[in-house]
Every structure is written in C-alpha cells, then in structure tokens.
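Every number here is computed from the coordinates shown, using simple stated rules; none is lab data. Here the structure is a predicted model, which means the values were calculated and not measured. When we count neighbours, we look across all protein chains shown, and the Cβ atoms used for this are built from the backbone with ideal geometry, even at glycine.
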Amino acid sequence: MDREKYDVVVLGAGAGGLSAGAFLAKAGYKVLVTEQLPFVGGRGSSMEYKGFNVSTGAGGWLVALKDNIFDPLKVPFNVRMPKVNSVYYINGKCHDVPATGKLRAALSLAANAEEADKVMRALKRAITWELPSDKISLRDWLLQFTSNERVIDVLNASWQVTETGAGGTLSLIKHMRSADYGYAINGNRSMWESIAGVIRENNGEIWTRTRANKILIEDGTAKGVIVTKNLLKKSEAQVQIEASAVVSNIGPYGTLKLGGEKNFCISHVKDVKETLRTFPWLAFQVASRAPILPSDAIGFVTGSRIVNWVLSPTILCPELAPKGKHLTYVGAWIPRNPPWNFSKYLDMAIQDLRDIAPDYDKYAEEILHVAYFIRQAWPMYRSYDGYSLRSRKTSVENLYNAGDAVFPRGMAGQPGAALSGKLVAEDIQKRIKPSGS
Amino acid sequence: MAVKLIEERCSICNQCILVCKEEAIKGWEFPVIDYEKCNECYRCVVYCPTEAMVKEV
C-alpha cells in the first residue's frame, strides 16, 4: 500500500469539508480532501442534464455564504440575486413581502395583523430573552400563542414545524433572518469549484473518486486514514495517509463506522445515535418552455398539501437552461419516518404546483429530476433544526465532524455546513501547527 | 458483470438517472435499470453517493 503524509485530511468535499479544507490550506496547512463522487459540492452541487443545470440538492445559493463566511478567502462568486428576496404564496396567490419584516407581513396576509402581532411578540420575547428548549417542536411552541393554522402554515413553509425543535428553529430565525438568496449563474457546482480552487492554489489536493475505508485511531487519537483512490479505474489503489488531524464531512454515523465504534467514548456514540434525526425531503425540477411561476424570488408556499418551497432560477439566470427553456425547482416536506408513499407525495406536490402556477399545464414539458433524500447517508439535512450535535469534536482527539449534522446553533443549510467547517479549521489552527512553519 | 441496486441503501437522490448516457435508468421513486439499454459503463456506480448502485459480480 502507498503511504502519504499531510497535515490534515478531510473526508468529503461537501460544504463543510471544502470550507475546512480551504481555510486550512489558506493558513498554510498541507491539506488533502478526499471525495467519493467525481465532483465537489455534494448536495449543494449541480450537474448538466439534457442541457439544464440541475441541482443535486440545494436549489439556491445563500448569499450569506459570500458575505459572512467566505470573505477571507477572497473567492470570486458569480451570483445573481432577485430584486425581491422572498415571496409568499398564500391561498394560491403570490405576494411580495418587504425584505425587513417579511415574516410579520406574511403572517398578516395569511391571517390578520392582530394574530401576526401576537405571534411576533412571542417570537421576539423568545429570541431576545430566553429561547425554549428542543424538547418541544416549533408547532407545539406556536400553539401556546395561536391556534390559527394559517399562521402556523406560514412558519411551516420555512421550517417543518412538527419535526424541528423549538429552540433550534427560533435560534435560526434570530440569526438568519437577514439571509439573502441568489442563484449561481453557472450552477451551484461552480461556486464549490471556486472554494476547491483555494485549496489547490494553496498546495492542497482534492482526490475525487476516492472512498474512505478507515479512520486510523491509536490510543484515542486520530492518526490518518486509509482510502481507495481512482475508484473503478484501472489505477484503483489503496493509500494510507498519515495526518495530524482528520475532518469528517461524511456525517457522524459515517465517522463512527470508519473509526470503529469501540474507539469512541460511549457517550459520543450515544449522542450520535440519540440526537440526530434524519431530515428527508422531496425535491423535483420541472422543465418548461416559459416560466411557470410569476416571480424569480424564493417562494414560500403556505396552505399547500405538501409543497413548501419553489424557485424559478432561470427567470434571472437563463444560463441554467437551454435557450428558450426554463427550470422550476420545487421542494416539499415528507414524513420523517417510513412507511413512505412516494408516488402520492409527488402527485400532491404537482397538484400544489398547479394551484400556484396556473400556467403549469400550458408550459411544463417534463419533470427532469425527482429526489427524496431519505437516508442519513444522503438526506436533505443530517438532522432537523435543533437536533444537531453540539460539538464538532468527536471523543477521539484530532478527529472532527463538519457539515450538516454539526451546524453551529442558529445556522442551517449550506451556510451552516460551511461555517461548521470554518470553525473546525479555526480549532485546528489553535491546536496544531502546519508542518511547513 | 451488471449493475444492481441495493434498495436499502438508496436515498432516491436519482443522480444515477442524471448521469446515465444510455437513458437506461428510469423512475420517479427507486431507480429502475433497463438491462437491455445498460452498457455497463458504471457511471451510475461512480456517481451513487450511498453505494446503493453496485457492480454485480
């Protein structure tokens, strides 16, 4: 077996792994990122299909990433942002809401100003005084202040209120209320390629088509990994990589599996198994010959059967579709646990889309891609808001988790995963010196 | 050798459908392989994030 040596090895080139790798490489560490798939960006990436740029998961790009998290990397981003940041579909009609105070505006539209004020007062009190715990769902927390299902529906459009923890979600509302959405002009993958470029420019490496087989642990400390590189190629080979720190972006279950449960403190194993709650989701993308939605903004859908989120990226970024064609991205909550009835969910979602897009049958040509993200290994999120692991450190010294199971409190999605990687990089910089220093 | 889907591992992300050049994989739920069309290029195996698509020996 070949042997190589790096300062830090990162398993997985998703948002958390690339972020950790980029900040460490920029700080002078010799970094290797391994990725099983042939591309970077994981569920935040995209691929070409029938001339369309189809998302592998995330539908839009949160500009919060650019402004708050990756600024120090000085990476060129190509994002177009809608003039109106968000719209709400209420009773089938599309409503613009102001960038500031959008939740209050949506609640007023869905119910009335009095009900909106009541809920906003409760939200403000929780956010500025004391957040509730995650022992109750956001729905149960809301029911203390309103029984109006239309109000609850507005919040359900953004957060699956029956499954998300109240504390975690309110913390998210507090921290991400000003987040802006945009679309990557050349597709989501191009954004992650930019971050990967930072790693390569700083003498780091990214090995795609490389499966991690084992995390090497000796005496409670991570020592490296064993990988198989060039998967399914003639040059496929096992390599042992020695490293001072290992960052896992493959999820805490994957970290346990590769490290061997017996090498972790039983409290950590228990934390992983009892805390994380896989968050499944239905997402599908429709090709059409004209836009089927009236707005290019991110659309939150209330009062629907199942759909919570719609995007029409090609109104703003025609580059994402063949000339004269359009792409609509639809997201829908599905139940957390089986038994699932997938065909029923898709039928319901298409009916929802018809309700808010009267021209659906006139312009839609094909459902390009349908995904359900039901497994912990490749979910929408590795855990519902409020049920992330509190620490990015595992019980094994110098072995970290990054990504969507270890969101910093108040963060989610790509920004949360990216920030988790950045925080891991900061911790490594405090503890371990780069070999070249 | 052929390609086989291990359903218990499949997350139904359906990336396999997107990458199959022969359009040999269909489905809006668990992917279904059309073995008449499959040319055993194994792109679906390489692109499967959960190792649900495997080379059957």
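Relative to its residue count, the protein assembly as shown spans a Cα convex hull of 146 Å³ per residue.
Compared with the alpha-carbon gap, the fully stretched path from A:GLU426 to A:ASP347 is longer by 23.8 nm at 0.36 nm per residue.
In order along the range A:136-142, phi translates into HN-Hα couplings of 10, 6, 4, 4, 5, 5, 5 Hz, rounded to whole numbers, per the Karplus curve 6.51 cos²θ - 1.76 cosθ + 1.60 with θ = phi - 60° and x for Gly and Pro.
Spatially, the range A:115-187 and the range A:374-419 are offset by 20 Å when compared through their Cα centroids. If R₀ is 22 angstrom, what is the calculated FRET efficiency for the pair A:TYR49 and A:GLU205, using the beta carbon separation as r and rounding to 0.05? So the FRET efficiency works out to roughly 0.15. Counted residue by residue at 0.36 nm each, then reduced by the alpha carbon distance between them, the extension gain from A:ASN68 to A:MET81 reaches 3.1 nm. Cysteines in the protein assembly as shown that lack a partner Cβ within the 4.7 Å cut-off: A:CYS94, A:CYS265, A:CYS317, B:CYS10, B:CYS13, B:CYS20, B:CYS38, B:CYS41, B:CYS48. In this structure, the pairs whose alpha-carbon distance is over 22 Å, taken from A:LYS273/A:LYS430; A:LYS325/A:LYS362; A:LYS262/B:LYS55; A:LYS30/A:LYS229; A:LYS135/A:LYS273; A:LYS229/A:LYS433, are A:LYS273/A:LYS430; A:LYS262/B:LYS55; A:LYS229/A:LYS433. Cross-link partners of A:LYS93 among aspartates and glutamates, defined as those whose alpha carbon lies under 16 angstrom from its own and excluding same-chain residues fewer than eight positions apart: A:ASP153, A:ASP296, A:ASP352, A:ASP355, A:ASP359. Reported to the nearest whole Å, the Cα centre-to-centre distance from the range A:206-230 to the range A:242-276 is 13. When the Cα atoms of the range A:294-437 are aligned to their principal axes, the ranges along those axes come out at 62, 39, 23 Å in descending order. Anisotropy class assigned to the range A:59-179 is oblate, per the alpha carbon gyration tensor with a/c at or over the 1.5 cut-off and a/b no larger than b/c.
With the charge dipole of the range A:70-183 set up from +1 on Lys and Arg Cβ and -1 on Asp and Glu Cβ about the Cα centre, the Cα lying farthest toward the positive end among the listed residues A:THR146, A:PRO82, A:LEU103 is that of A:PRO82.
Taken one residue at a time, the phi angles of the range A:100-115 give Karplus couplings (6.51, -1.76, 1.60, θ = phi - 60°) of 9, x, 5, 5, 4, 4, 5, 5, 5, 5, 6, 10, 7, 4, 5, 5 Hz. Gly and Pro are set to x. Per-residue ellipticity at 222 nm from helix content only, as computed over the protein assembly as shown with -39500 (n - 2.57) for each DSSP H run of at least four residues, stands at -8500 deg cm²/dmol.
Give me the aspartates and glutamates in straight-line cross-link reach of A:LYS223: C-alpha distance below 14 Å, same-chain residues under 8 apart excluded. Correct list for A:LYS223: A:GLU4, A:ASP7, A:GLU242, A:GLU397.
Ranking B:LEU5, B:ILE25, B:GLN15 by how far each Cα lies toward the positive end of the dipole of chain B (charges on Cβ) leaves B:GLN15 at the top. Can you give the angle from 0 to 90° between the axis of helix A:166-176 and the longest principal axis of chain A, with both taken from C-alpha atoms, to the nearest 10? For A:166-176 against chain A, the angle is about 90 degrees.
Since only A:ASN156, A:LEU231, A:SER171 are under comparison, the one whose Cα sits farthest along the positive direction of the charge dipole of the range A:145-263, derived from C-beta charges on Lys, Arg, Asp and Glu, is A:LEU231.
Remark on A:GLU4: its backbone amide H falls under 5 Å from those of A:GLN240, A:ILE241, A:GLU242, a criterion applied only to residues 5 or more positions apart or on other chains, H modelled at 1.01 Å from N.
Taking the C-alpha atoms only, the angle from helix A:15-26 to the longest principal axis of chain A is near 50 degrees. The value of relative contact order for the range A:49-191, using C-alpha pairs under 8 Å at least six residues apart, is 36 percent. 3J(HN,Hα) along the range B:34-46: 8, 5, 5, 8, 5, 9, 6, 7, 6, 4, 4, 5, 5 Hz, from the Karplus curve 6.51 cos²θ - 1.76 cosθ + 1.60 with θ = phi - 60°, whole Hz, x for Gly and Pro. Using a Gaussian network model of chain A in which every pair of alpha carbons under 10 angstrom is joined by a spring, one finds that among A:ALA20, A:ALA237, A:ALA332 the greatest mean-square fluctuation is at A:ALA237. GNM remark for chain A: springs join alpha carbons under 10 Å apart, and the peak mean-square fluctuation among A:GLN351, A:GLN376, A:GLN414 falls on A:GLN351.
Treating the angle as unsigned and between 0 and 90°, give the value, to the nearest 10°, between the Cα long axis of helix A:188-201 and the longest Cα principal axis of chain A. Here the helix axis deviates by roughly 20 degrees. Highest GNM mean-square fluctuation, chain A, Cα pairs closer than 10 Å: which of A:PHE145, A:PHE39, A:PHE300? Answer for the Gaussian network model of chain A: A:PHE145. Under 19 Å from a label point set 7 Å out along the Cα-to-Cβ vector of A:ARG305, the amide N atoms of the range A:317-351 belong to A:329-336, A:339-351. Think of each Lys and Arg Cβ as +1 and each Asp and Glu Cβ as -1; about the Cα centre, that makes the dipole of the protein assembly as shown roughly 800 debye. Here the label points at A:LYS257 and A:GLU274, each 7 Å from Cα along the C-beta direction, are separated by 2.3 nm in the simple model.
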